Each structure stands twice: as structure tokens, then as C-alpha cells.
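Take a look at the structure set out below.
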Amino acid sequence: MLREGKLRIPSGCAISGIIDRKRNKFNGEEIIKSIALMHDRSNGLGGGFAAYGIYPSYKDFYALHIFYESLSVKAQTENFIKRHFDVEKAESIPTRPVLSIVNIPLIWRYFVRPQAQACVSKDDCVDESDFTSKCVIKINTDYEGAYVFSSGKNMGTFKGVGYPEDIGEFFMLDTYEAHMWTAHGRFPTNTPGWWGGAHPFTILNWSVVHNGEISSYDTNRRFVEMYGYKCTLKTDTEVITYLFDMLVRKHKLPIEKAIKVVSAPFWDDIEREKSEEVKNELKSIRAVYANALVNGPFSIILGYEKGMIALNDRIKLRPLVAAEKGNRIYVASEESAIRIICNNPERVWSPRGGEPVVVLLEGEQE
Amino acid sequence: MSLDFNTPDFEVIRNGNRCIQCKVCVHQCANAVHFYDEEYDVVCVDDSKCVNCHRCVTLCPTKALVIRKYPLEFRENFNWHGKAIKEIYKQSQTGGVLLSSMGNPEPFPIYWDKMLLNASQVTNPSIDPLREPMETKVVIGRKPERLKFDANGKLLTKMPLNIELKVPVMFSAMSYGSISRNAHESLARAAEELGIFYNTGEGGLSKDFYKYGKNTIVQVASGRFGVHKEYLNAGAAIEIKIGQGAKPGIGGHLPGKKVGEDVSATRMIPVGSDAISPAPHHDIYSIEDLRQLIFSLKEATGYKKPVFVKIAAVHNSAAIASGVVRAGADAIVVDGFRGGTGAAPTRVRNNVGIPIELALAAIDQRLREEGIRNYCSLIVAGSIRNSSDVVKAIALGADAVYIGSAAVIALGCHMCHSCSTGKCNWGIATQYPELVKRLNPDIMYKRLVNLISAWNNEIQELLGGMGINAIESLRGNRLMLRGVDLNEKELEVLGIKYAGE
Amino acid sequence: MKKIYAFESRCLGCRLCEVYCRTARFKSKDVVKAHKRKNITSAIIVEEVLGPNNISYFALQCRHCKNPKCIKACISGAMYKNDKGIVRNDSEKCVGCLSCILVCPFGVIKKNDDGKSVSKCDLCADFGEPFCVENCPNEAIKFLNEGEARALK
């Protein structure tokens, strides 16, 4: 049976996210509780979490989380990393044994900084983030048996094959303090159960948890691949992550414009728009980024250094509920998954199709 | 006179019990197949002149006529089949180059029919176009590399002029001269009503049609017939025709007998003179010359019109297309070897060029590998027969398609492959006034509108089934295609998987 | 009142209107059956006009005149104008004197094969739209009121 990356596997999912706008930190227990409530939305073949603000003492370093299938590939990959980065710290990610979590790969993390000379020698590499993302893509493409599943600064992804609550227990998320958590429980229709195939999917600081099966997958994939990305997993989540990375980091689009790209307004609505300036802008977005429109059912939670964005497809074919209490914003596939950790929210709403919930951390601007 | 070896191609059978001797067939056949014998007061038939255009069959009020293949057989021979023998009879009698009309009829593979589309089941919902919005609009033209916004989120990038199509289908180039004025008028009016475009072809544009300008693409071909500043500015876009799928590498020839007063004025050539388009543009002998022509045309139109470049699908199309994008074209048009024509040398039509499906897949892939696919639109032509062909073309990577043969079929063409005689009984490929008026634009433009509207509905159904509600999410979405009856190499070139994979 | 108008620029000269006019008189509306009977003459006539370069055609039938000469000339009272302004011939009363044919300024009343009765256009008033109009393949004859016709001409 082919593993994820060699073929495309449709899947259904549960997603959940919590953010504290004032950057107050809290450990992983709440998010585990929330995603565990939606146990039936996943089938034990994938669960994962992204946590922002967890590595304050290494906040200037890229934190590479890597799965290895063997010691030999670990040695080869580390050799590559050493040639391209200065490694501040390398360690095995601490875990605790959980009965249901089996077939565990080697799980390591590295706090690294791109080597100045390595970056300069590559003429196609505009800055250190671009360099780092290229190196991550290179490892994932060329080093069979090694998989970088997290590469941001002061953030990290924890994922694997199992129910999300078990994965959270396994990675000891109760010991991490973050100001933002996202979680994912997966229901793939078939999979040999590969750890790299679980979600969230990340590149640099972007993390995406996603529920849906996008029908524009190959259009989006072939579009981002024109700009130097390589979709190694063949998952929707991967391609959505690359799209946002490309639009916001490479093309420098403001985040609200990037949202207009992936969840574009309908032509009829554009025609109805009264302001010629807005109309022209929306038309230009649809014309230039036609192939970046994400079509088909999805609800996603994007995490990045400035905050969190939750978004539905244009006609809301997947569930997404949001709630607010104090400094905190909650989003989840089901309202119950919010109420279990926040029993009397000030506001609960169901965002409309294509209308994003954008939550910025205090002091951040779009 | 020596013996004529030619035998009829068709046999006209008249059912005596049904024939009422009304002579409608006699009045309608421009080839004089049916004639009235006054002596015996009876309608008679000369089979040898019949081209099987079905005009008489369609108009016969009692359905008394049937046309069949002439039942004369040669001794069975896979190699020296009847057609091969008859062509030799014809050439040895006349000493001429064999001429044919419409597209390549030979049994080469039709890849559209070897690709199947996907649909949503369980894991993702299909979308009902009757209940949900379903977008088929496309924007054709050059796109900037990226959009730039200022700190306040205001758009800084000025978009190059693009044209918008409500349906990703346009009417391809058919010149006034090769087709009749009424056919042209039908195409223009239909394009206007549908929010799409028709193409003037290389014969210029009659002033009477300038009013359809916003739905017109004006063509500039090697003969430069009827090309002047006002003409270039009359349309919404300009198309430089380098080649045509039916006859890559050769020029065109409109016989003098088709050049009447009006065609003469439109083409700017004397009445009755042959209009001969050279094989190449004599100011384009290389890619940099093409760039100069593109920018000359842009200068002449104040950079207000997108410039398309049309090439025939040939062996090296992918590299040529890349050059065309880099030369500054706003859209590339690629015409496959099944594309129709009013007249082409038979040997060229049947043996030159490659299938559009393969050319399209190769060009789209090549432009993506070079990172320039998004700069320019890709339009394909060359026997798009129905809405699923359109959908498959878009899934392979096209932005839109051109239809020529399908459009003239909607106007009544019965594919008799006799355009070059100029005696089209349906009033399409003819300039004889009494034949031209058989095509009533008031009726025929509506048939074109009906056709494209029907296709649009079907495209929406197919999109909805795939769980897609905007056609741009299908463009290049090759996972939506699966191949059957294809070998590994064909799958590789098409960039698709085999059914079941 | 609605009348039949011919559009010469659209007329193909195929004469299907004549075929359907002859058929219109028969209940079955079956062209073959209708033409098996003799004694029917079309009340619409396609005229050929020879131009310098080409032949043009137009269809002609009863104009349903304001003051029809045929009614004045009719000796048996068979020719009459009904309440809708349609000039009709009552075959029960017609004696076949052919006076109407003599006086018709348009030549659109025709003698039937038997020589004893006439055929003229009654706009297919007994069963609906004129059959010739319905079956014209090129919309070269249309059933219009005066205003509509003027707008199209």
C-alpha cells in the first residue's frame, strides 16, 4: 500500500483552536479536552497540535521538528542541516508512553539559524526565511525517511498516528505553555498511518489545521509549484499552507487580501459592488490569483506569528463555530467542543461562508 | 474526351410513394443533383454531383429522400482502399493538388474520448448548480507576476487590459470571404448576446459590423487583408495568426470568384482577384520579429487591446509557446490538427500537426515549469465538439476554447467537406447571394446562443459534480481526469493517471 | 388585422409554402396524402424576379383588400369578407364563373384543376396560424399586423 505523499487520500476531520489576544499563556490541557470531545469526528489515524509561544528562550531560532525512520537517515539529514545551519541545540522531543501510540519514529528537534554564507551562495534565496523553507522542502523531498513537520520560530507542531487526545498525552502537551493552540483529529478514508501525514501541516510559522477535501487541489498544487514549492504530501492542508506562505510572505499580500484570494467573492457580488476601486481590486485579485482560489468544502484554522485566522469555503460546506470570552477567542468544528472548555462564552457565532474570523495578537497589525 | 474513372460517392434514393414532385429539392440543390425533366414531367437525380450535404433531405416536405454511400465496392484491400484509389484517379485526371475542407477526418486517436471526469462521492459534496452559484466566467489576457498593495491595503498594481468571457468558449477565426456575411452576422450577434467573442478571421471587417466591436477579436494574418488602424481599434482584442491547425506551415487562398464587391472592399483587394496569404508572415522570420509585430500592434492601439498569437499545434509547440509568452503575447491560441478550414491541401490537412490534447498538456506543463504560465492565457482550438471536451481542455490547463466547426454545424453545416467549391447549400461557406440568403441571421444567431447556453449548463453540471463552483478551480486540475485506453507515454504527456489509479 | 408579409431578402424560392398551402386544406395535414388528391392549387404563389446578377423570389397571396374587387365582381355572392376582415370564398355558393380571377389586381386567386372552382388564401382562418408561415424554413413569410411589419421592413 502506498504511503501518503505517493497518493492522495481524502479525509474528514475535527478542528479546534484557542487564542489569547493578550498573549497570556496556558498549557495544552484545554485544547486536548476540546478536541477529545469530538472523538467521533476522527478515527484514530491521525491527531496533532500546533502551539505558539512555547520556545521563548529560543525565539530567534527556527525550531525544526523532524521524524526519522532510521538512524542512518537521521545521520544524513543532520549532516545536511549542519552544512546549512548553525545548530544551537539538538534534542529528542520528550514523550511519555501511551498504550495506543505505536510504531513511533525517532522524533527530534533542532534550534537552528541559517548560515550566512550558505544563504548568500544561493542566488535564488532572498532572505533567511526563504532559505529555511527551501531547505525544509529539500529534506522532505530528497531524504527518504526523514520528515520535517515543524519549522517555525517560537512555535512547534506535535502530531502522529492516533486519536488527538492520545497524541497530546504522548507529547506531554500539559508541560508546554502557549498563547495559541490549534488541534486536529483526522478521519482519513484510508491510510497506512504515517506520522508525517497527520495534521497540523506547517511551513515556517504557518500552521494549518483543516477539515475538508478541496476539489481545486491539483489546480492549487500546480500553481504553488510554479513558485518553488513542492507538494510532497499531496494533502489539501499542505497546499493551503503553501498558498498562504506564498501570498503573504513571498507576494507580500496583506492577510485580508490573501483571504480574498483563497475564498474569493463571487463575480455577481463583485459586479454589485458600488465602489469602483473595490470592484477593480476584487476583479484583479480574481484574475491574477484565479488558480489560488480554494474550491470545495473546507474549514481551516491558520496559525501564524501575528495570530489566528479561521475560514470557511465560499458556500460553507463544512462546519465552523466561533466564540469569544474575555481575551480569548475559540473556534471549533462543533459548538460543544468550545462549551466544554468555556461554559458561558460572551458571544457564539457561526461565521458565514468565505467570511474569515481574524484574531490578531495585541500589538500586531495586519 | 477520354474515359472518366470517377464514380459517384453518394447515391440519392427517392421514395416514389412519398415524392409529390414539388421540386423543392430541385430549387435547393446548388450542385444540380436534382433536376426536373419537363418532357417526362418528373424530378430526376444525378448522383455523381451529390456531396451529401442533406439540404434536400432536410427540406423535403414528405421525407422522400435518403442519401447513402454509393454501393460500389472495390476488391477488398486494406492498403489500397477505395479512397486511396479514387484519389489517384482524380489526380491523374486533373494533375492538381487535392483539396479538402473541414478538419482532419482520419482515424487518429481522439484523446478527449480517452479521458474521463471525476465526481464527488461522500468525502466531499457535489454542488447543485440550480441551487448554488456556479461560475463559468474567465478573464483572458496578461497578468502581472503578483499584485502589490500599499500600507493601507490599496491596490498599486495597474492591471493590463484583459477581456472577460461569460462562458469559456469563443467562436474561432473564420474570415468574411470564406464564410458568408450572414454567417458572420450570426456569429457576431450571438457573441454579443452571450458575452463572449467571435473572431473576424483574416479577411478584415465590414464597417457594418463595427457595432459588434466589443465582442470582436480582429485577426492579423500573413496576407494583412483589410488590416488598417481603424480595423485594429474596432475590436476588443487582436489576434496574430501564425498558423492554423488544418494547414500548419502553409498560407491561404480565397478564390477570386468569392471576392465580390463587399468582400473586395473589406479585404482591400480588387473584385475577382484571388486573395493569397503567404505561408509565413514576411516580417516574421523569427521570434524577435514576432515581438516587434506584437508591440507594433500595441502601439497602433494605444496598449488598449490584448494581443493574442495563434499557432498550429506542431511537434515543438511547448518551446514555441514559451517563446510566444516571452515575446509579449497576452494569450496564446493553439490550434490542433483536427481544426477545420474552408480549404486545405488534403495531404497537409491529413498529415501535418499534432493532436490538440497532447499539445495543450505539453504547453501548459512547460509554461509551469518555466514559471510563466500565469502571465498569459492559453486558448485551445481544433475540434472541440461538446461541453465535456471544453471541461477536459480546461482541466488539462486551458483558460478557454475556440470553436469553429461546432459553430458552423449549429448554423446548419452538415460536414459535407465541400466548402472549397463555394456552393454551400446552407449559405455558410459561399458568396452566391441566392445561397447566402438561405442563412437567416435572425434564426441562426439564436441557434448559436442556444448551443453555448446549453453547453454552459452542462459545464455547470459537470463542475458541480466535481464539487467545484468556479471554473478557474478546474483549470489545470488534472487530478479530475483519468485516462482509459492510453499507454504510459500518452499518460505521461497528458500528465494524468490511469482510471483506477 | 394580421396579414401574411413576405420578406424577399430571406426568400429561398424553395416553394415549400406552396406545398404546405395545398396541404392546409386537408384535415390530416399529411403532405403525401394531400398531394395524392388532385384539384388543389396553392393560394400562395412564389414569384421569380430576374435581376441583373441573380434571381430573387417572393411569395404572394391575397392581400385581403379594403374594398375587394373580387367581392364586387362575384355573381353568386360566394366571395365575402368576414367580421375579421378576411376575404373568403364560400365553395357551396361558388359557381365557377371565374370573374374574381379576372378582376384581382394581384393575380392571387387561382383556378383549380377542375376549372370550376377557385382557390384563394383564407389565412388558414379555420384552424390557426397560416400553414405556409409555420413551415417556411427561413422565416421569409411572417404573419404580422401592420405595425410589426412596418418595423421589420
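Quick note: the coordinates plus some simple rules give every number you see, no bench work behind them. Every value quoted in this text rests on a predicted model; they were computed, and no experiment measured them. Here the Cβ positions follow ideal geometry from the backbone for every residue, glycine too, while neighbour counts run over all protein chains shown.
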>> Need one number: the % of Cα-Cα pairs in the stretch A:213-311 sitting beyond the 16 Å mark.
In response: 56
> With the calculation restricted to Cα positions, what are the radius of gyration and Dmax of the stretch B:10-96 in angstrom?
Replying inline: 15.9, 47
> Once the principal axes of the Cα atoms of chain B are found, what is the range along each, listed largest first in whole angstroms?
Replying inline: 92, 57, 45
>> Run the simple label-point estimate for residue B:23 and residue B:11 please: 7 Å along Cα→C-beta, distance reported in nm.
In response: 2.9
> Roughly speaking, what is the centre-to-centre gap between the stretch C:51-113 and the stretch B:429-501 when only Cα atoms are used, to the nearest Å?
Replying inline: 54
> So which lysines pass the test for residue C:33, namely a Cα distance under 20 Å, with those fewer than 8 places away in the same chain ruled out?
Replying inline: B:23, B:63
> What is the helix-to-structure angle for B:317-326, meaning the angle in degrees between its Cα long axis and the longest Cα principal axis of chain B, kept from 0 to 90 and rounded to the nearest 10?
Replying inline: 50
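Holding the Cα-Cα limit at 30 Å, pick out from A:234/B:305; A:33/A:306; A:279/B:229; B:86/B:258 the pairs that are longer than that. Please report the intermediate quantities before stating the final value.
Working: A:234/B:305 40 Å; A:33/A:306 25 Å; A:279/B:229 32 Å; B:86/B:258 28 Å.
From the list (A:234/B:305; A:33/A:306; A:279/B:229; B:86/B:258), the Cα-Cα distance tops 30 Å for A:234/B:305; A:279/B:229.
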> List the aspartates and glutamates whose alpha-carbon lies under 14 Å from that of residue C:142, not counting same-chain residues fewer than 8 positions away?
Replying inline: B:442, C:8, C:129, C:134
> When the Kirkwood hydrodynamic radius is evaluated over all pairs of different C-alpha atoms of the stretch B:256-347, what value in angstrom, to one decimal, is obtained?
Replying inline: 15.6
>> If I take the Cα coordinates of chain A and project them onto the principal axes, what are the three extents in Å, biggest first?
In response: 61, 51, 45
> Which loop-located GluC sites (Glu not before Pro) does the stretch B:1-66 contain, where loop means any DSSP state but H, G, I, E or B and the Cβ has at most 14 other Cβ atoms within 10 Å?
Replying inline: B:38, B:39
>> Relative to 2.2 N^0.38 Å, what does the C-alpha radius of gyration of the stretch B:1-146 come to as a ratio? Two decimals please.
In response: 1.73
> What residue among A:318, A:272, A:109 shows peak mean-square fluctuation when chain A is described by a Gaussian network model with Cα springs under 10 Å?
Replying inline: A:272
> Hey, what number do you get for chain C at 222 nm if only DSSP H runs of n ≥ 4 count, each worth -39500 (n - 2.57), divided across all residues, to the nearest 500?
Replying inline: -5500 deg cm²/dmol
> Which ³J(HN,Hα) values, rounded to whole Hz and listed in residue order, are derived for the stretch B:69-77 from phi using the Karplus coefficients 6.51, -1.76 and 1.60 in 6.51 cos²θ - 1.76 cosθ + 1.60 with θ = phi - 60°, glycine and proline given as x?
Replying inline: 4, 5, x, 9, 9, 8, 4, 4, 7
>> Cross-link candidates for residue B:257: which lysines have Cα within less than 21 Å, leaving aside residues fewer than 8 places away along the same chain?
In response: B:49, B:423, B:437
> How far apart, in nm, are two points set 7 Å out from the Cα along the Cα-to-Cβ line at residue B:229 and at residue B:41?
Replying inline: 6.9
> Considering only Cα-Cα distances, which of the following residue pairs are longer than 32 Å: A:59/A:138; A:159/B:148; A:22/A:257?
Replying inline: A:159/B:148
> Hey, got a sec? Which GluC sites (Glu not before Pro) in the stretch B:315-424 land in a DSSP loop and have at most 16 other Cβ atoms within 10 Å?
Replying inline: B:370
>> Please report the net charge: other residues with Cβ closer than 12 Å to the Cβ of residue C:106, K and R +1, D and E -1.
In response: +3
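Report for chain B the percent antiparallel among DSSP-assigned beta bridges with both residues inside it, nearest 5. Don't skip to the end; give the middle numbers.
Details: 22 of 52 bridges.
DSSP beta bridges in chain B are roughly 40 percent antiparallel.
For chain A, what relative contact order do you get, as a whole percent, if you take Cα pairs closer than 8 Å and at least 6 residues apart?
Values: 849 pairs, mean separation 92.5, N = 366.
25 percent.
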>> I need the trypsin sites (Lys or Arg not before Pro) found in the stretch B:149-203, filtered to DSSP loop residues with at most 12 other beta carbons within 10 Å of theirs.
In response: B:154, B:158
> By the scheme Lys and Arg +1, Asp and Glu -1, what is the net charge of all other residues having a beta-carbon under 11 Å from that of residue B:422?
Replying inline: +3
>> Check which residues have an amide H placed less than 5 Å from residue B:110's amide H, if you skip close sequence neighbours.
In response: none
> Can you work out the base-10 log of I(q)/I(0) for the protein assembly as shown at q = 0.04, 0.05, 0.08, 0.09 1/Å, using the Debye formula on its C-alpha atoms alone?
Replying inline: -0.29, -0.44, -0.88, -1.01
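Calculate, for residue C:82 and residue B:88, the FRET efficiency according to 1/(1 + (r/R0)^6) with r their C-beta to C-beta distance and R0 60 Å; round to the nearest 0.05. Before the final figure, lay out each step's value.
Numbers: r = 69 Å, r/R0 = 1.15.
Using R0 = 60 Å, I get an efficiency of 0.30.
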> PRE reach from residue B:271 (point 7 Å along Cα→Cβ): which of the stretch C:51-90 fall under 20 Å by backbone N?
Replying inline: C:51-56
> Spin-label point model (7 Å from Cα, Cβ direction): what's the residue B:458 to residue A:327 distance in nm?
Replying inline: 6.1
> So between residue A:80 and residue A:230, what do we pick up on full extension, going 0.36 nm a residue minus the alpha carbon distance?
Replying inline: 52.2 nm
> Between the stretch B:295-353 and the stretch B:22-49, what's the alpha-carbon centroid distance in Å?
Replying inline: 45
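Go ahead and run the numbers for FRET between residue A:22 and residue B:315, Cβ-Cβ distance against an R0 of 51 Å, rounding to 0.05. Could the numbers behind the result be given before it?
Values: r = 65 Å, r/R0 = 1.27.
For R0 = 51 Å, the calculated efficiency reads 0.20.
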> Based on the Cβ-Cβ distance of residue A:268 and residue B:211, what FRET efficiency does E = 1/(1 + (r/R0)^6) give at R0 = 41 Å, to the nearest 0.05?
Replying inline: 0.90
> Do the alpha carbons of any pairs in C:66/C:120; C:36/C:116; B:154/B:214; A:252/A:325 sit beyond 22 Å of each other, and which pairs?
Replying inline: B:154/B:214; A:252/A:325
> Scattering from the C-alpha atoms of the stretch B:168-462 alone, worked out with Debye: what is log10 I(q)/I(0) at q = 0.14, 0.16 1/Å?
Replying inline: -1.00, -1.36
